[in-house]
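**Q** Got a structure here, written out as structure tokens. Questions coming.
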Amino acid sequence: MNYIISHDVGTQSSKAVLVGTDGKVYDSFEQKYELDLPRPGWVEQNPDDYWDAICVTTQHIVSKLADKKSVLAMVFSTQAMGIIPVDKNGKILYPNISWVDARAEKQSVKIMKRFLGKPVFKKITGVELSGKDVIPKLLWLKEQLPEVYKNTYRFLDVNGFLKYKCTGKMVAEWSGACSYGFDLNKKDWERTFFKIAGIEVDKLPDLVRSTDLVGSLTEQAAKELGLSASTKIFGGCDDTQSAAMGSGQTGDHEAHIYLGSSAWIGVSTQKNYKFKNGIASLQSADPKSSFLVGITESAGVNIEWALEKLYKEDRSQGKNIYHIMEEEVAQTPAGADHLLFTPWFQGERAPVTTTTTRSTLFNLSLEHNRGHIMTALLEGIGYNLKWTLNNIKRDYGISIDQLTVIGGGSQNAAWIQSLSNILNIKIHTTKNPKLAGAIGSAMIALVGLGLEKDFSKIKEMNPVVRTFSPETDHLEVYQEMYKNYKDLYYSLKNTYHSINFKRFNRISK
């Protein structure tokens, strides 16, 4: 048997998955790492932590293999929008500025002014820039850390950094380039946009497709990973695209939900659309297709926060807090007795784009307990996804009558039933929901190696195992709470901006 190692490199951890060339999953191992929050609105990570996790997880899953040469290839599916400045020798000049970092609001406004202001910019691109977008953060580096910017040979995303560590080559893959500025029609950097923004395009890497061979492992990388230097490294893709692939929903207008640290609704398409209302139009993992996605920036990470704060004593006593939480949520009525908990812990991208909005627990009273709070948090994520789904239907004319859900959150049956009720749509779960991203990127390597001629086999690699249908009993309360949810955002939008804009944009060199 020959294998592919697929790495799913997320915001909080990296998972290595050993996939056979027969498409079956044989082993997996996960390593966690930390986020650094140096200032309000800032989120950074040490890129070396990614590489350390890659080495540890790789060594673990290949330790039982008799022949390391049986690993034919390695491919990465990574968190998007990373900014890792490196010099010509690959030296890291600044920590990775994470995709959830919101430091560049002033620069986003400045760039839009160069396009004659926000309304004109939004009309051209379909979306306004925010302080979380890559190009404003590149301008932030240029203005606030000019020596770092000057000495940068290439800006690499997380995937590009890991490919460099493996092969010594600095490249960017098409789907990852989308989070910087990528022309879907020309399959090239948005050169005019970068020029107007004041960012030198020659600091960006050459572009490759997901299925392109970047190179083989260097001797040093092979030694650190415990692999043969013959192991091939392919372009890979961002995590949203690999998850879309792993969900099996790759046909035109087929859709899925991902529930992990973040959450999103993604739709595969054969057409290149414009950005609208926080919905991004991106390159698919399949070089011949495109992908619409609306990302809820905080989902599972919010749940972990709430469990840590509300169930700390239970955890200290060795109790299974996930089981306790699920039982309490099951005993709480739909709508959480009119308690709302919005999921905007780190701002939002879709259905609204904002860096200053934060989470709100609304309408709390003495009748509520922690079960209500957890239920409201889970439902709040559902309302956010419903808003995004409605925007996709309205703005793109795409009718979606079923969804496949992947990610760790899909293993909570009560939550999936609640989502089906809130969205009023049929939802399917898969055999390997937590490994969907890794399975999707493994498919890329199978095609890259020529072992598969296209991506059609992916549905067999992660089949549907269960279906949830909406329960009409809760339709009225969820419709009411969804309306209240949207009203709450618009009522507090200006207050969020007033309380957070200045403190998120205090700069000290």
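The values are calculated or read from the model by the stated rules, or taken from the named source; none is laboratory data. If you're wondering where the values come from, they're calculated on a predicted model, not measured in any experiment. Quick reminder, even Gly has a Cβ in these numbers, built from the backbone with ideal geometry, and neighbours come from all protein chains shown.
**Q** Within the stretch 60-92, count every residue that is touching a helix residue (DSSP H, G or I) at 6+ places or on another chain (Cβ under 8 Å), outside any strand (DSSP E or B) and within 27 Å of Thr240 (Cβ to Cβ).
**A** Total satisfying the criteria: 5.
Here's the yes/no breakdown for (1) assigned by TED's automatic domain parsing to the domain that holds Arg466; (2) within 24 Å of Asp314 (Cβ to Cβ); (3) in a loop (DSSP other than H, G, I, E, B); (4) not basic (Lys, Arg):
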residue: Pro343; (1), (2), (3), (4): yes, yes, yes, yes
residue: Glu367; (1), (2), (3), (4): yes, yes, yes, yes
residue: Met374; (1), (2), (3), (4): yes, yes, no, yes
residue: Ile381; (1), (2), (3), (4): yes, yes, no, yes
residue: Asn384; (1), (2), (3), (4): yes, no, no, yes
residue: Leu389; (1), (2), (3), (4): yes, no, no, yes
residue: Arg394; (1), (2), (3), (4): yes, no, no, no
residue: Ile400; (1), (2), (3), (4): yes, no, yes, yes
residue: Leu403; (1), (2), (3), (4): yes, no, no, yes
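**Q** In the stretch 398-420, what residues are in contact with a Gly (Cβ under 8 Å, 6 or more places away or on another chain), crowded, with 17+ Cβ neighbours inside 10 Å and of a type in the set (Gly, Ala, Ser)?
**A** Across the stretch 398-420, the qualifying residues are Gly407, Gly409, Ser418.
**Q** Follow-up. Would you say Glu34 is within 18 Å of the chain's Cα centre (by Cα) and either assigned to a loop (DSSP other than H, G, I, E, B) or of a type in the set (A, V, I, L, M) (or both)?
**A** Yes; evaluated as a whole, the condition is true for this residue.
**Q** Need at least 3 residues that are modelled with pLDDT of 95 or more per element, so show me which helices (runs of 4 or more DSSP H) inside the stretch 409-478 make the cut, counting only ones lying wholly within it.
**A** Passing ranges, in order: 413-423, 436-448.
**Q** Here's a check for you: in the stretch 493-508, which residue that is assigned to a loop (DSSP other than H, G, I, E, B) and among the polar types (S, T, N, Q) is modelled with the lowest pLDDT?
**A** So, considering only residues that are assigned to a loop (DSSP other than H, G, I, E, B) and among the polar types (S, T, N, Q), the one modelled with the lowest pLDDT is Ser508.
**Q** Using the structure shown, decide if Leu204 is in contact (Cβ under 8 Å) with a residue 24 or more places away in the chain, surrounded by fewer than 21 Cβ atoms within 10 Å (Cβ to Cβ) and within 23 Å of the chain's Cα centre (by Cα).
**A** Against the criterion (in contact (Cβ under 8 Å) with a residue 24 or more places away in the chain, surrounded by fewer than 21 Cβ atoms within 10 Å (Cβ to Cβ) and within 23 Å of the chain's Cα centre (by Cα)), Leu204 does not qualify.
**Q** Here is a list: Ala280, Ala229. Which entry is closer than 23 Å to Thr354 by Cβ and among the aliphatic types (A, V, I, L, M)?
**A** Checking each option against the conditions leaves just Ala280.
**Q** So, one more: Which of the residues spanning the stretch 314-335 are surrounded by 18 or more Cβ atoms within 10 Å (Cβ to Cβ), in contact (Cβ under 8 Å) with a residue 60 or more places away in the chain and touching a Gly at 6+ places or on another chain (Cβ under 9 Å)?
**A** Answer for the stretch 314-335, where residues must be surrounded by 18 or more Cβ atoms within 10 Å (Cβ to Cβ), in contact (Cβ under 8 Å) with a residue 60 or more places away in the chain and touching a Gly at 6+ places or on another chain (Cβ under 9 Å): just Val329.
**Q** Also, quick follow-up: Whether any residue in the stretch 128-150 is among the hydroxyl-bearing types (Ser, Thr, Tyr), within 15 Å of Thr353 (Cβ to Cβ) and assigned to a loop (DSSP other than H, G, I, E, B) is what I want to check.
**A** Yes, the stretch 128-150 contains at least one residue that is among the hydroxyl-bearing types (Ser, Thr, Tyr), within 15 Å of Thr353 (Cβ to Cβ) and assigned to a loop (DSSP other than H, G, I, E, B).
**Q** Here's something else I'd like to know. Do we have Asn500 as over 27 Å from Gly131 (Cα atoms) and in the same structural domain as Thr375 (by TED's automatic domain parsing) here?
**A** no
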